[in-house]
Amino acid sequence: MKKALIASLLSLLGPGLGQIYNREHKKGWLLIVAAAILFIVPTVWIMKGVGPIDPASDPLEVQAVVLASAAQHKHTLNMVTFVFLGLWAYSITQAYFKGRELSAKEPPAPEES
């Protein structure tokens with residue numbers, strides 16, 4: 001049961017970490033890459049929509065432009081967010097159940113006298 005808890009907590013920290021702890025390296029790295037893509041692509045997309053920013057510009061103006069760009073694509077960003085949260089939830093639950101399965105297969109620890 002301890003293995004399942006550790007795997008779940010690692011997946012809570014980042015999708016795929018619990019899978020790597022459970023020695024499912026391919027699945028773990030696939031989840032890490034998918035989570036990174038779901039984070040990086042929308043960020044780049046918003047920044048591309050904002051355009052070049054003059055370093056001397058007012059931070060409040062930059063914030064207003066970024067918020068306007070995000071509001072323009074809010075439905076798509078919401079969809080990406082829900083996909084990311086689903087991926088994260090899948091990672092946590094899958095790591096927990098695989099960790100439980102692995103714990104059940106381990107021989108019991110010898111008792112000390």
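The values are calculated or read from the model by the stated rules, or taken from the named source; none is laboratory data. Owing to the predicted nature of the structure, the values given are computational and were not obtained by experimental measurement. Cβ atoms come from the backbone with ideal geometry, glycine included; neighbour counts cover every protein chain shown.
Of the residues in the stretch 57-113, how many are among the charged types (D, E, K, R), more than 18 Å from Phe39 (Cα to Cα) and assigned to a helix (DSSP H, G or I)?
5
Here is a yes/no grid of residues against (1) surrounded by 12 or more Cβ atoms within 10 Å (Cβ to Cβ); (2) touching a strand residue (DSSP E or B) at 6+ places or on another chain (Cβ under 8 Å); (3) without any contact (Cβ under 8 Å) to a residue 24 or more places away in the chain:
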{"site": "Met1", "(1), (2), (3)": "no, no, no"}
{"site": "Asn22", "(1), (2), (3)": "yes, no, no"}
{"site": "His25", "(1), (2), (3)": "no, no, yes"}
{"site": "Leu31", "(1), (2), (3)": "yes, no, no"}
{"site": "Ala35", "(1), (2), (3)": "yes, no, no"}
{"site": "Pro55", "(1), (2), (3)": "no, no, yes"}
{"site": "Ala64", "(1), (2), (3)": "no, no, yes"}
{"site": "Asn78", "(1), (2), (3)": "no, no, yes"}
{"site": "Trp88", "(1), (2), (3)": "yes, no, no"}
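Out of the stretch 36-62, which residues are in contact with a helix residue (DSSP H, G or I) (Cβ under 6 Å, 6 or more places away or on another chain) and closer than 25 Å to Leu87 by Cα?
Of all residues in the stretch 36-62, those in contact with a helix residue (DSSP H, G or I) (Cβ under 6 Å, 6 or more places away or on another chain) come to 38, 42, 46, 49-50, 53.
If the condition is that a residue be in contact with a helix residue (DSSP H, G or I) (Cβ under 6 Å, 6 or more places away or on another chain) and closer than 25 Å to Leu87 by Cα, then Leu38, Pro42, Ile46 are the ones that fit.
So, Phe82, is that one more than 30 Å from Lys2 (Cβ to Cβ), at pLDDT 90 or above, loosely packed, with under 15 Cβ neighbours inside 10 Å and out of contact with any Gly (no Cβ under 9 Å at 6 or more places or on another chain) or not? Walk me through how you get there before you give the answer.
On the way: more than 30 Å from Lys2 (Cβ to Cβ): yes; at pLDDT 90 or above: yes; loosely packed, with under 15 Cβ neighbours inside 10 Å: yes; out of contact with any Gly (no Cβ under 9 Å at 6 or more places or on another chain): yes.
Answer is yes for this residue.
Is the stretch 92-101 home to any residue that is within 23 Å of Ala4 (Cα to Cα), among the basic types (Lys, Arg) and in contact (Cβ under 8 Å) with a residue 24 or more places away in the chain? Explain how you work it out, then say what you get.
Initial filter on the stretch 92-101 (within 23 Å of Ala4 (Cα to Cα)): 92-101.
Checking which are among the basic types (Lys, Arg) leaves us with 98, 100.
Now drop any that are not in contact (Cβ under 8 Å) with a residue 24 or more places away in the chain, which leaves 98, 100.
So far as the stretch 92-101 goes, yes, one or more of its residues are within 23 Å of Ala4 (Cα to Cα), among the basic types (Lys, Arg) and in contact (Cβ under 8 Å) with a residue 24 or more places away in the chain.
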